[in-house]
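Here the structure is laid out as structure tokens; the discussion comes afterwards.
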Amino acid sequence: MVTKNNSTDSSKQNSSSDEPASRVVIALGSNIGQRAAMDMALRQLGGIVAGGRSTGAVWTEPIGMQSDRFLNCLFAGTTTMGLAELTAATKDIERRCGRTAAEAAAGLIRMDIDILEYGGRRLRPADWERTYIKQLFEEI
């Protein structure tokens with residue numbers, strides 16, 4: 001079951017404790033094995049993002065592809081990782097959740113993780129226009 005995560009284990013969240021922490025907002029989505037993949041990804045994000053907090057999960061119709069519905073949520077917290085390092089870490093979490101290029105090409109997305117905000121800078125402007133992102137952001 002997907003639940004809100006109001007705190008995380010801070011022992012392994014940030015690799016560079018000398019760096020100032022940056023606030024991050026991360027979007028997660030899955031259209032196969034949705035709940036298990038979401039739970040696994042949220043647990044792993046809690047290991048790299050301090051003070052992690054997730055929103056509730058919502059079901060959405062696929063955008064730009066034929067597939068089952070997606071389960072989506074947002075996760076927010078802080079990290080001292082740089083943007084490139086955080087991006088690499090999220091792509092590694094996708095792989096650990098079972099994402100493969102072959103499945104993605106077939107429209108099967110076990111886990112998709114996108115960084116929407118990093119250090120006060122909004123990334124992926126088109127995603128911010130999506131109704132479900134706006135609604136979920138209100139929960140953070």
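The values are calculated or read from the model by the stated rules, or taken from the named source; none is laboratory data. Fair warning: this is a prediction, and the values are worked out from it, not measured in the lab. Using ideal geometry, Cβ is built from the backbone for each residue, glycine included, and neighbour counts are taken over all protein chains shown. What goes into the accessible areas is simple: the full protein's heavy atoms, side chains included, and nothing from ligands, DNA or RNA. Shrake-Rupley method; radii C 1.70, N 1.55, O 1.52, S 1.80 Å.
Every condition in (1) open to solvent by less than 30 Å² (accessible area, probe 1.4 Å); (2) within 21 Å of GLY119 (Cα to Cα); (3) not in a helix (DSSP H, G or I) holds for THR78 except the one numbered (1). Residue count for region 37-49, restricted to those that are surrounded by 18 or more Cβ atoms within 10 Å (Cβ to Cβ) and within 18 Å of ARG23 (Cβ to Cβ): 5. Of the residues making up region 50-75, those that are open to solvent by less than 50 Å² (accessible area, probe 1.4 Å) and aromatic (Phe, Trp, Tyr) are PHE70, PHE75. Return a yes/no flag: does region 60-68 have any residue that is assigned to a strand (DSSP E or B) and of a type in the set (A, V, I, L, M, F, W, C). No. So which residues in region 103-121 are over 17 Å from CYS73 (Cα atoms), touching a residue at least 60 places away in the same chain (Cβ under 8 Å) and either in a helix (DSSP H, G or I) or open to solvent by less than 20 Å² (accessible area, probe 1.4 Å) (or both), if there are any at all? Selection gives GLU103, GLY107. Among residues that are in contact (Cβ under 8 Å) with a residue 40 or more places away in the chain, open to solvent by less than 60 Å² (accessible area, probe 1.4 Å), over 13 Å from ILE26 (Cα atoms) and out of contact with any strand residue (DSSP E or B) (no Cβ under 7 Å at 6 or more places or on another chain), GLU85 is not included.
A residue that is in a strand (DSSP E or B) and in contact (Cβ under 8 Å) with a residue 60 or more places away in the chain can be found somewhere in region 47-57.
Here is a yes/no grid of residues against (1) closer than 18 Å to SER30 by Cα; (2) aliphatic (A, V, I, L, M):
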site	(1), (2)
ILE93	yes, yes
GLY98	yes, no
GLU103	yes, no
ASP112	yes, no
GLU117	no, no
LEU123	no, yes
GLU129	no, no
TYR132	yes, no
ILE140	no, yes
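Would you confirm, using the coordinates I've provided, whether GLU94 is among the charged types (D, E, K, R) and either crowded, with 17+ Cβ neighbours inside 10 Å or in contact with a strand residue (DSSP E or B) (Cβ under 7 Å, 6 or more places away or on another chain) (or both)? So GLU94 fits the description; yes.
Apart from one condition, ARG124 fits all of (1) at pLDDT 95 or above; (2) out of contact with any strand residue (DSSP E or B) (no Cβ under 7 Å at 6 or more places or on another chain); (3) open to solvent by 60 Å² or more (accessible area, probe 1.4 Å); the exception is (2). The set of residues in region 42-55 that are aliphatic (A, V, I, L, M) and closer than 11 Å to ILE26 by Cα comprises LEU42, LEU45, VAL49. Among the residues of region 2-31, those that are of a type outside the set (D, E, K, R), at pLDDT 50 or above and over 12 Å from ASN72 (Cα atoms) comprise SER17, PRO20, ALA21, SER22, VAL24, VAL25.
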